[in-house]
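Data first, discussion second: the structure below is written as structure tokens.
The values are calculated or read from the model by the stated rules, or taken from the named source; none is laboratory data. Everything quoted here is computed from the prediction, not taken from an experiment. Ideal geometry is used to build each Cβ from the backbone, glycine not excepted, and the neighbour counts take in all protein chains shown. Side chains are part of the model used for accessible areas, which takes the heavy atoms of the whole protein and leaves out ligands, DNA and RNA. Shrake-Rupley method; radii C 1.70, N 1.55, O 1.52, S 1.80 Å.
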Amino acid sequence: MDNLLESVDREILSGRFIHAIKAYRDASGCTAREAMDFVRERDAVLPRDRPSL
């Protein structure tokens, strides 16, 4: 799961939200809507988790 989060984070930080959604969806087997919600939530917390980026 850590590798998945790193991959999704990397895509989000690069501005590739569609790729982040696809990566999460493929790895987790969730719906597209669930993946979009996850990526939105993850995008909101990344600045707090990684203030130097």
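For the chain, the longest principal axis of the C-alpha atoms and the axis of helix 2-13 are separated by about 70°. Considering only alpha-carbon pairs that sit under 8 angstrom and 6 or more positions apart, the relative contact order computed for the chain is 31 percent. Computed on protein heavy atoms with a 1.4 Å probe, the accessible areas place 46, 5 in the order 5, 46, largest first.
Per-residue surface analysis assigns residue 14 an accessible area of about 60 Å², computed on protein heavy atoms at 1.4 Å probe radius.
For the set 38, 17, solvent exposure ranked by accessible area (probe 1.4 Å, protein chains only) runs largest to smallest as 17, 38. Placing a pseudo-label 7 Å from each Cα along the Cα-to-Cβ vector at residue 34 and residue 19 gives an inter-label distance of 2.5 nm. Phi angles of the stretch 19-26 translate, via the Karplus equation with coefficients 6.51, -1.76, 1.60 and θ = phi - 60°, into HN-Hα couplings of 5, 5, 4, 5, 4, 5, 5, 4 Hz per residue; Gly and Pro are given as x.
Treating each Cα of the chain as one equal point scatterer and applying the Debye formula with no solvent, the log10 of I(q)/I(0) at q = 0.23 Å⁻¹ comes out as -0.79. Extension gain, residue 27 to residue 2: 0.36 nm times the residue separation minus the Cα-Cα distance gives 7.8 nm.
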